[in-house]
Structures are given as C-alpha cells and as structure tokens.
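The values are calculated or read from the model by the stated rules, or taken from the named source; none is laboratory data. Note that the structure is predicted; figures quoted are calculated from it, not measured. Only protein heavy atoms, including side chains, enter the accessible area calculation; ligands, DNA and RNA are left aside. Shrake-Rupley method; radii C 1.70, N 1.55, O 1.52, S 1.80 Å.
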Amino acid sequence: MTTEELRTSLLNAPKNGFTRITAQQRAEMEAYCKRYTAFIDAAKTEREATTWAVENAEKFGFRPLVPGMELKPGDRVYRNNRGKSILLAVIGKENLNNGSNICAAHVDSPRMDVKPNPLYEDSEIAYFKTHYYGGIKKYQWPTVALALHGVVYRKDGQVITVTIGEEESDPILVVTDLLVHLSADQMRKTLAEGIVGEQLNVVLGTEPIEGEGADLVKLNVMKLLNEKYGIVEEDFLSAELTIVPAGKCREVGLDRSLLGAYGHDDRVCAFAEMDSLFQLDIPNKTAVCILADKEEIGSVGISGMQSQCFETFMQDLCDIQGASLNRCFENSFCLSADVSNAFDPNFAETCDRRNNSQLNYGVSICKYTGSRGKGGASDASAEAMGHVRSTLDKAGVIWQIATLGKVDQGGGGTVAAYMANRNIVTVDAGVPVLCMHAPMELVSKLDCYETMLACKAIYEA
C-alpha cells in the first residue's frame, strides 16, 4: 500500500460537517433549527419547557400514563412531574425485560432566582434581590436586558404565571454596573470579585407614588404588580420567579451558521430528544425521553434526576407488561444528552485540542466528564462507547469525540452518573457550545441537527 492509502485506512481524519452533508440534509437542518428556535424562545425556564413539551406531545398522540392502563406497541405516554420535569415514552415491540433506549437531558439553565423577600427600595430606586442559580460568571449579568419569568402562588390559592420583558411593548429589567470612570478599585479585583452575588440586584423602577411616607417607589412598583397580577408583597413568599436574559434566539455570523440564545445548555439537547421522539415510528425497544430539572445544582430534589420520579414512571410501564424494573434497567441504554464545550481559539490554553469538540463536527460523544481525576464523572466502558459508535455510524450521523478541557483546568458533570448508578449503561453526548453558561450561548446549526439524528438512532437501536 502507498503512504496515502495507509494514511486513509489507518488514521482518523475528521472533517467539517458542512463538507459532508447534502443539499437535502442542509434543508432538513434549517427546518429543524426553525423548530428548535420556536422552542427555545418559548421555554426559558424548566416550567416553560415542561409546559411546551406537554402541549406538543399531546399533538403527537401522547397521553398521560395511568398505572394499570393497557398499552400496546406504538402507544405514546408521558408523565408531567409537578410541572417542572417530564418523562415520555413510545412503547416498543419488545418486553421491557429486554430493556429500553433512553435519552436524558435537563431543561434548567443558570440564571438569577428572586429571593423570598425580594422587593426593597434604596435611594429611591426599587429593586429585586436575587440569588444566582447554577454556575455563572457574575460579571456577565449586569447591563444585560433581562426578563422576569415564573409563577406566584397567591394568598387565595390561585397560581399566576408572570412574564415581563419578552414582548416589544414590555419594559426590561437590568442589573447595574459601575461606570468605568470610578472603577479604579473594582478593576483591580479578580473577575470573580468584580461583581459579587449581593450586587445582582435588579432595577424595577424609580418613580414614587403620590403621597407621604417612606418607600414610595417600592409601593408604586407593588401597585403596578397588583394591578397586573393581583398579587401583594406577601405573595412573594410562595412564588417561584426567575430573572433570565430577554430576547429571542438569533442567527449568528454572516453565514448564519450559528444560533445565539440563552439556555442552549441544555434545552438544545432536550429538544433534540423530543423532536426525534415525536417523529418516531414503533421502535423495537421502548423509547424513553427524560427532561429533568435541577442539573445545574446537582440534580437534586423531586424534579431532579436523583429523584424517584424516573423509577416510578418506569415501574408503572414495567408493571403493565409484567416486567422486572431491575431487569429493565440492567438491559437498558441511556444517552445522557448534555452539551460540551466547543473549542474557542480565543481561549485555546484551556483545552486539549486533540480531545476537544469543535463547532460543525457533529454531536460530541464524551467518554467521561468530571474534573481533576474524573471526579464526579460517569466513565463509559469501551463496550458502551462501541455501541454508540456503531449505532451512529450505521445511521450516518456525524459525530466527534471529546473531553471537557485540560485535565487540571476544571470540568463539569451531567445526569449521566445518576443514570449509571441505576445500573443503566450510559454515555454522555450533546451539542458543542461556545460561551456556555453566559447570558448568550452559541451553537452550530449542523451540530444541533446531528444531535437530533443521534437521539433518533439511539431510540431505534
């Protein structure tokens, strides 16, 4: 063999995905990304993502799972977990003793949560106090257009949905920063210290209500909220309000190859799971889609991946088929669909370039995540990686291998460890992201599309 023939047959030479797709695939990619854009604009919180999932799942024939109901291959069921996470399944031809094919993602994203006693006035400016949720760079959030999303459980028991800042006619909210002219001391601080958590206070207003006494600006803000939503200050004690970046998903770059939005991590993978499940015919094994909450703070709580909600859902499915939950888990496979970091040449020193995902090279497969010695990782076996490799290759999916940064640089985790702890073979995979956890994140249209195809391939395996 010639040197070139040896090179071709023996060495791995990844190629940019845009050099590998057809015109038809490009059209399908653009159509898929339009569907995704509509979702990401409508779902900026886990509650909104769950609401969207229920509404659209029902359009595709999904119905609530009721213990003991009759199910046959091709039936579609879901369980809404308290409005904050959701599990969906398409029943397969095989008994659940043979396992299921699972795709698991999370629908929460880093943000600022409004504190229980949030509203105050200082120097005739009304503010909300917040507590940031998940890993953020605090300095990125001041001077960004922000919106208020969430629900308020009123004293009378009525639950009110709140959204302010998304419509063109809405006001936006803002966290202030110090002017550069007076920033001599601030500029000497580290990035972590330049803005601290207790400074992430959101400006609500400056106009006082007519009358005498203190806190007239605060009172005016409360009056406006009462007129619009019927709430009083005490209702904040039973509210779940979040501050997120305002605005819609936009195409990025002169070639429009990227999408810029808040919350790609991890709703970009959540949508890939759902969209492929909605289009699924009758699979051999039952296909299960998980959209979990609380991943950004450790997958804890009743809506996180560590809760028993998943076991209950699967137990109900197993009971209907007379299957063993333990046997089902033992024979199941899970694609833990979470984003990875895309290589950024502006910060090349943080990555091992030979082992980092790149934009436009397809869905990123991660054997392990974790940090500093694989701490907190689910380390997939060679057999598990081989299963993903052969499944995606057979389906013609464009994929790449990746790890999360240099060994001693840092790292992160996903829901994969909690699925593996259930004795389910699990591999991490997802869309590479630039500016992860920032108010605006960037993803490649091609990588989004290939991640959807990867989820479809796993469901059909």
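Considering only alpha-carbon pairs that sit under 8 angstrom and 6 or more positions apart, the relative contact order computed for the chain is 22 percent.
Given a 1.4 Å probe and the protein chains as shown, Lys189 ends up with an accessible area of around 110 Å². For the set Met1, Met187, Met69, solvent exposure ranked by accessible area (probe 1.4 Å, protein chains only) runs largest to smallest as Met1, Met187, Met69.
What base-10 log of the normalised intensity I(q)/I(0) is obtained for the range 65-199 from the Debye formula, alpha carbons as equal point scatterers, at q = 0.11 Å⁻¹? Once normalised to I(0) and log-transformed, intensities are -0.67.
Global size of the chain: 23.6, 92 Å for Rg and Dmax (C-alpha atoms, Rg to one decimal, Dmax whole). The heavy atoms of Tyr132 offer some 90 square angstrom of accessible surface to a 1.4 angstrom probe.
Under the classification rounded if a/c is under 1.5, otherwise prolate if a/b is larger than b/c and oblate if not, where does the range 276-345 fall, given a ≥ b ≥ c as square roots of the Cα gyration tensor eigenvalues? List each step's numbers first, then the result.
Values: a/c = 2.41, a/b = 1.44, b/c = 1.67.
Here the range 276-345 falls in the oblate category.
Taking all protein chains into account, the per residue accessible area for the chain stands at 47 Å² (1.4 Å probe).
Please list Thr190, Thr130 from largest to smallest accessible area, probe radius 1.4 Å, with all protein chains kept in place. Please list the in-between numbers first.
Working: Thr190 75, Thr130 5 Å².
Largest to smallest exposure gives the sequence Thr190, Thr130.
Please report, as a whole percent, how much of the solvent-accessible surface of the chain comes from carbon and sulfur atoms (probe radius 1.4 Å). About 51 percent, which is the carbon plus sulfur part of the accessible surface. When both bridge partners sit in the range 331-461, DSSP labels roughly 40% of those beta bridges antiparallel. For Ser183, the accessible area of its heavy atoms, probed at 1.4 Å with every protein chain present, is near 0 square angstrom.
Which entries of Lys115/Lys218; Lys44/Lys294; Lys44/Lys456; Lys294/Lys406; Lys44/Lys115; Lys44/Lys223 show an alpha-carbon separation above 21 angstrom in the structure shown? Distance filter (> 21 Å) returns Lys44/Lys456; Lys294/Lys406; Lys44/Lys223.
Note on the chain: antiparallel DSSP beta bridges, both residues inside, total approximately 70 percent of the bridges counted.
In what sequence, largest accessible area first, do Arg63, Arg267 appear using a 1.4 Å probe? Mind showing how you got there, number by number?
Values: Arg63 100, Arg267 0 Å².
Highest to lowest solvent-accessible surface, that is Arg63, Arg267.
Take every DSSP beta bridge whose two residues both sit in the range 1-123; close to 75 percent of them are antiparallel.
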